């Protein structure tokens with residue numbers, strides 16, 4: 001598992017700081033957030049320092065519903081989506097890549113919740129995240 005890099009409690013994660021850590025993944029970051037702002041202007045993006053993980057995380061919500069969590073790692077960033085076990089049918093029947101479907105099937109189940117993480121390396125990862133956002137929004 002990749003270690004988070006935003007670990008200084010007193011240093012809010014500005015764009016400048018984020019870009020200094022993610023390097024070439026800056027293009028993916030900008031593309032992903034351009035999509036978020038254009039297609040989901042009602043999403044709320046909140047950075048918070050979490051003592052238990054000793055790092056800053058972004059929580060992305062729509063009203064009271066958490067859509068995903070985001071962490072910054074060396075040379076990239078990670079989104080984590082959490083789904084109830086009952087979403088298995090929708091996920092398996094979706095157009096998600098097989099590796100993400102397998103990640104869901106073999107993932108660790110905590111209180112009937114299963115996580116799917118994406119480490120952003122290329123444009124395909126943005127497309128997968130967009131699909132996961134749609135799936136998350138379709139669940140009640």
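Values quoted throughout were computed directly from the atomic coordinates according to the rules given, and no laboratory measurement underlies them. Just so you know, these numbers come straight off a predicted model, no measurement behind them. Note that each Cβ is placed from the backbone with ideal geometry, even for glycine, and that neighbours are counted across all protein chains shown.
Which angle from 0 to 90°, rounded to the nearest 10, does the C-alpha axis of helix 26-39 make with the longest principal axis of the chain?
Once rounded, the angle reads 60 degrees.
Using a Gaussian network model of the chain with C-alpha springs under 10 Å, which one of 127, 16, 34 is most mobile by mean-square fluctuation?
Ranking 127, 16, 34 by mean-square fluctuation puts 16 first.
How big is the gap, in Å, between the Cα center of the range 1-57 and the Cα center of the range 77-140?
19 Å
Taking a ≥ b ≥ c as the square roots of the Cα gyration tensor eigenvalues, with a/c under 1.5 meaning rounded and otherwise prolate when a/b beats b/c, else oblate, which class fits the range 13-78?
oblate
Relative to the longest principal Cα axis of the chain, at what angle does helix 123-138 sit, 0 to 90 degrees, rounded to 10?
60 degrees
Using a cut-off of under 19 Å, list every residue of the range 70-85 whose amide N is near the label point 7 Å from the Cα of residue 52 along the Cα-to-beta-carbon line.
70-72, 79-85
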